[in-house]
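Here the structure is laid out as structure tokens; the discussion comes afterwards.
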Amino acid sequence: MFIVLEGIDGTGKSTQVQLLADWFRSQGREVVTSREPTDQPWGKKLRESAATGRLSPEDELEYFLKDRKQHIDELIRPALDAGKVVILDRYYFSTMAYQGSRGFNPREIRAKNEAFAPRPDHLFILDLDVDAARERIGARGDTTNEFEKRDSLAKCREIFLGLAEEPFVHVIDTNRPIAEVQASLREALQ
Ligand SMILES: Nc1ncnc2c1ncn2[C@@H]1O[C@H](COP(=O)(O)OP(=O)(O)O)[C@@H](O)[C@H]1O
Ligand SMILES: Cc1cn([C@H]2C[C@H](O)[C@@H](COP(=O)(O)OP(=O)(O)O)O2)c(=O)[nH]c1=O
């Protein structure tokens with residue numbers, strides 16, 4: 001089974017991935033958890049760019065695609081083929097949202113990715129108001145950054161929510177205690 005958790009920073013993805021993995025393991029299932037960008041070379045370059053200076057939108061998109069191709073070939077597909085549960089913290093829907101909010105067409109990004117990336121059985125969009133999410137990660141910046149950042153995150157949130165109607169997508173309100181959010185995920189997977 002292939003499960004992906006998406007949402008803007010601070011919606012609780014990493015927290016919920018761990019709880020969900022524990023739940024599957026308690027049922028005797030073998031679980032692989034992972035995240036994008038990965039800790040492999042392309043993912044490292046992307047994380048470094050956050051500190052050393054943002055890449056051009058074109059390069060950033062290219063690096064995410066390269067990182068994902070390696071992630072699928074080396075980890076995701078082998079784990080799925082072995083019948084394991086794979087739970088990801090971010091996948092190509094984040095590319096649609098974040099590079100989409102930088103001007104790319106989310107539909108084109110989706111098509112580029114689905115040419116090589118398997119679609120998950122379940123996609124959970126963890127949803128939360130931008131200010132509440134930034135509060136959780138203690139994100140504060142100077143005013144210009146603040147407005148720019150908030151605006152781009154609001155665009156990301158809209159792109160994520162644009163997926164809501166698809167049959168494999170579940171939108172989960174995370175403006176609730178952690179345990180209640182996790183209960184909603186488990187309920188959707190029963
Ligand atoms: N439902 C929740 N209510 C309150 N705080 C939460 C909730 N879920 C996560 N948090 C906290 O918010 C912060 C961000 O959570 P995290 O799982 O890292 O989010 P993400 O991976 O989406 O950025 C962490 O300090 C976490 O403990
Ligand atoms: C997977 C992915 C992430 N991102 C962004 C979302 C985050 O702001 C950033 C890093 O992801 P994030 O999950 O926040 O990693 P960390 O917890 O180490 O900061 O990468 C994209 O822009 N495109 C993508 O395709």
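Where a number appears in this text, it was derived from the coordinates with a stated rule and is not lab data. In this text, all values refer to a predicted model and were calculated from it rather than measured experimentally. Because the Cβ atoms are built from the backbone with ideal geometry, glycine has one as well, and the counts that use them run over all protein chains shown.
Considering the stretch 61-86, the residues that are crowded, with 19+ Cβ neighbours inside 10 Å and of a type in the set (D, E, K, R) include one that is nearest to Ile3 (Cα to Cα), namely Arg68.
Every listed requirement among (1) closer than 16 Å to His71 by Cα; (2) part of a helix (DSSP H, G or I) is met by Val4 save one, (2). Could you tell me whether any residue of the stretch 49-57 is charged (D, E, K, R), exposed (fewer than 14 other Cβ atoms within 10 Å of the Cβ), more than 11 Å from ligand 2 (Cβ to nearest atom) and without any contact (Cβ under 8 Å) to a residue 24 or more places away in the chain? No, that holds for no residue. Scanning the stretch 12-36 for residues that are within 12 Å of ligand 2 (Cβ to nearest atom) and in a loop (DSSP other than H, G, I, E, B) gives Gly12, Glu36.
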